[in-house]
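A short write-up of the structure that comes next.
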Amino acid sequence: MRRLAHRPLITEHAQDLLMPLSSSSSPSSPSSLPSASSAAAPASASPLASGLASAPLGAYLFAFRGGELLVREDGAVLPLDDIRHHLADAQAAWQAVGTHRGQPCLALALARDSAPPPGYVFRRLREVMGELEAPAGVLAGRAFQVAEWARTHRHCGVCATPTERVAHEFCLKCPNCGHSNYPRISPAMMVLIKKGDSILLARNANFAAARYSALAGFVEAGESLEETVHREVLEEVGLRVHQLRYFQSQSWPFPHSLMLAFTAEYLDGDIKVDGTEIIDAQWYGPGDTLPNIPPTDSVAGLLIRANLPRG
């Protein structure tokens, strides 16, 4: 996927800490494996009214500084609304992103030079998501995507007029020309290729450690998911596949991707890595020692473990 080389799809940390926003699971995933989508859903995922200045005390805050989330120094605990005035002025456009423990949740992308209030610290979202209790961890991924969307769509892309949040919908609308903006979601496929009793695992050039995983790539304009699978497999490892089967999906909020995982059967061709994104790819069969693979809190880890060579 050379066109998107500046936006690496899978990184080592992202494979470790993918967090879902749904509770769907795949029938092909064995019941003994934990589901990448097993985290409890937030009590409410619906956007609240756009008038956020009057949010009741007790609201949970998802305050982001770049890719960092504000939490308490003594643990992965979210701040409450009583410190909102320490973070931004009264006119800041906090976004309603749902509820947690019956309380509203607000999200905001802060300035990159923001300092944490006393007793709080900014930590990398990828690290802290897994430490938050399950509903809050799931909601943090959504909050990050919504906060980034609001930060990057403050003005209309057509006429440059400041946009306004639409009540009860994730929509920023231009009051001048009516142009509407919704949170961006970038679909990407992941595919594990099977050849008899063997599976293909590949090492991405962006992995800091020697980790091997399934192939992955973004869907390009005008493509179906199936077409993306065929194109990416041919580009990255020089193989052709058939008999695609859907496995499972998972949200990846870094910053706004949706992973859709498949298995596919090998059709023909010899492995020839592109040397740019994929630097090594090998078949692993029964009795072979597997390389370092993603953990089970990622859809990649579940996909591989659900199709391990038997024997």
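So TYR266 ticks every box in (1) buried (at least 16 other Cβ atoms within 10 Å of the Cβ); (2) farther than 30 Å from ALA147 by Cβ; (3) in contact with a Gly (Cβ under 7 Å, 6 or more places away or on another chain) but one. Which box is left unticked?
(3)
Restricting to the range 269-294, what's the tally of residues that are in a loop (DSSP other than H, G, I, E, B), within 15 Å of ALA214 (Cβ to Cβ) and either open to solvent by less than 40 Å² (accessible area, probe 1.4 Å) or of a type in the set (Val, Ile, Thr) (or both)?
The number of residues fulfilling the criteria is 6.
Just one of the numbered conditions (1) more than 26 Å from ALA150 (Cα to Cα); (2) open to solvent by less than 70 Å² (accessible area, probe 1.4 Å) is not true of SER180; which one?
Every listed condition holds for SER180 apart from (1).
Please go through the range 189-235 and pick out each residue that is in a helix (DSSP H, G or I) and over 21 Å from GLY285 (Cα atoms).
LEU225, GLU226, GLU227, THR228, VAL229, HIS230, ARG231, GLU232, LEU234, GLU235
What number of residues within the range 192-220 satisfy the criterion of being modelled with pLDDT under 95 and of a type in the set (A, V, I, L, M)?
4
Within the range 187-229, count every residue that is under 30 Å from GLN95 (Cα atoms), of a type in the set (Gly, Ala, Ser) and open to solvent by less than 10 Å² (accessible area, probe 1.4 Å).
Summing the residues that are under 30 Å from GLN95 (Cα atoms), of a type in the set (Gly, Ala, Ser) and open to solvent by less than 10 Å² (accessible area, probe 1.4 Å) in the range 187-229 gives 1.
Kindly provide the set of residues from the range 295-308 that are in contact with an Asp or Glu (Cβ under 8 Å, 6 or more places away or on another chain) and open to solvent by 30 Å² or more (accessible area, probe 1.4 Å), ordered by number.
Within the range 295-308, PRO295, ASP297 qualify.
The values are calculated or read from the model by the stated rules, or taken from the named source; none is laboratory data. Keep in mind that this is a model prediction, so the values were computed, not measured. FYI the Cβ positions are ideal-geometry reconstructions off the backbone, even for glycines, and counts take in every protein chain you see. Just the protein is used for accessible areas: all its heavy atoms, side chains included, with ligands, DNA and RNA removed. Shrake-Rupley method; radii C 1.70, N 1.55, O 1.52, S 1.80 Å.
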